[in-house]
1. Rounded to whole Hz and in sequence order, give me ³J(HN,Hα) for region 138-151 from the Karplus expression 6.51 cos²θ - 1.76 cosθ + 1.60, θ = phi - 60°, writing x for Gly and Pro.
2. Show 64, 129, 150 ordered by accessible area, largest first, where the area counts protein heavy atoms only and the probe is 1.4 Å.
3. Which label marks the calculated value of mean projected area of the Cα convex hull in nm², given the options [x] 14.2; [y] 10.1; [z] 13.5?
4. So how many Lys-Lys pairs in region 29-85 land under 21 Å Cα to Cα, not counting same-chain pairs under 8 apart?
5. Report the accessible area of residue 62, computed with a 1.4 Å probe over the heavy atoms of all protein chains in place, in Å² rounded to the nearest 10.
6. In whole Å, what three semi-axes, largest first, describe the equivalent ellipsoid of region 83-154 built from its Cα gyration tensor (square root of 5 times each eigenvalue)?
7. When the chain is treated as a GNM, springs tying every alpha-carbon pair under 10 Å, which of 103, 134, 83 comes out with the largest mean-square fluctuation?
8. State the Cα centre-to-centre distance between region 78-127 and region 12-55 in whole Å.
Amino acid sequence: MFSQESVDDFLSKNGLNHDQALNRLQDLYSKYKFIETRLSQSKANLKGKMPEIRKTLEAMQFLREKSESGEPYSTHFELAANVLAKADVEKIDTVCLWLGANVMMEFTFNEAEELLKKNLESAGHSLERVQQQVDFLRDQITTTEVNVARVYNHEVR
């Protein structure tokens, strides 16, 4: 809000008294904290998705290798929570991926790999962008805290 200007200049320029200035700064601080909470949730979601995408990509590559080698293999898959079924798999040409919103789609190995790599890259870029926003916001929060202290200390004098 103000960097090198004095608190008196700031108050007179904006036609505020100490209480009004403190209320404005505290409102701004509350808004920044709310946004910081939302960004932190976003960051946590992205950090959770990235290992999941990597794990899916590894599983898909394993299936591709087994399919290309032509050797049959046994696996267990989940039918429902805590209910597994055993399957003997020979040769497969496609994989099914959950896309979200209860939508599953069948892809060839190349299409699935391309989609997963694109999603992983996109999540990485989003994580970087969110981190930059969090860093900027923390600077704004610190500046607002300092300004609140300056106005409060000015009033105490």
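1. Along region 138-151, the couplings run 5, 4, 5, 5, 4, 4, 5, 4, 5, 5, 4, 4, 5, 5 Hz.
2. Solvent-accessible surface, decreasing: 129, 150, 64.
3. [x]
4. Summing the qualifying lysine pairs gives 6.
5. Near enough 100 Å² of accessible area.
6. 51, 15, 9
7. In the Gaussian network model the winner is 83.
8. About 35 Å separates the Cα centre of region 78-127 from the one of region 12-55.
The values are calculated or read from the model by the stated rules, or taken from the named source; none is laboratory data. Note that this is a predicted model, so its numbers are computed, not measured. Side chains included, ligands, DNA and RNA excluded: accessible areas come from the protein's heavy atoms. Shrake-Rupley method; radii C 1.70, N 1.55, O 1.52, S 1.80 Å.
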